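Each remark here refers to the structure printed beneath this line.
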Amino acid sequence: MQPLNEPQLVEVMGRVRHIWEVAQGVTSRLPEGFEGMLAQGWTTRLGSRSPRIVIREFVGVLDRLHDYPEFDPFVEYSFDLPAEAFSSEERGDGVWEPLPEDVF
């Protein structure tokens, strides 16, 4: 996939959310503004890179919201993924560094 910037990621997540809702036959409980927060966090972390990680993480959040009524993504979502979750292209040259816990 081509690299996407923050507004493009938000747009893609809106489309993915719609597809997820149609496929599941339910309306997502995703809190207002979460797509923007996720896009901002990942573009801050990765820059404009492949959206694969963001889309995978976003679908995971939608699934957790569906399966666990008490799940609050603003509180419980973590941007901390192991380095092996990223392709070498997504890590980039010197871009991949674990974030301090207090960033998000």
Exercise. Please state which one of 71, 58 is surrounded by 15 or more Cβ atoms within 10 Å (Cβ to Cβ), at pLDDT 80 or above and not in a helix (DSSP H, G or I).
Key: 71
Exercise. Could you please find all residues in region 1-13 being surrounded by 12 or more Cβ atoms within 10 Å (Cβ to Cβ) and part of a helix (DSSP H, G or I)?
Key: 6, 8, 9, 10, 11, 12, 13
Quiz item: Quick one: what pairs do we get from region 1-27, first residue more than 14 Å from residue 52 (Cα to Cα), second of a type in the set (S, T, N, Q) and surrounded by 13 or more Cβ atoms within 10 Å (Cβ to Cβ), C-beta under 8 Å, 6+ apart or different chains?
Solution: 17/28; 20/28; 21/28
Quiz item: So which residues in region 20-40 are in a helix (DSSP H, G or I) and surrounded by 12 or more Cβ atoms within 10 Å (Cβ to Cβ)?
Solution: 20, 21, 24, 34, 35, 36, 37, 38, 39, 40
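The values are calculated or read from the model by the stated rules, or taken from the named source; none is laboratory data. Note that the structure is a prediction, hence the values are computed from the model and not measured. Because the Cβ atoms are built from the backbone with ideal geometry, glycine has one as well, and the counts that use them run over all protein chains shown.
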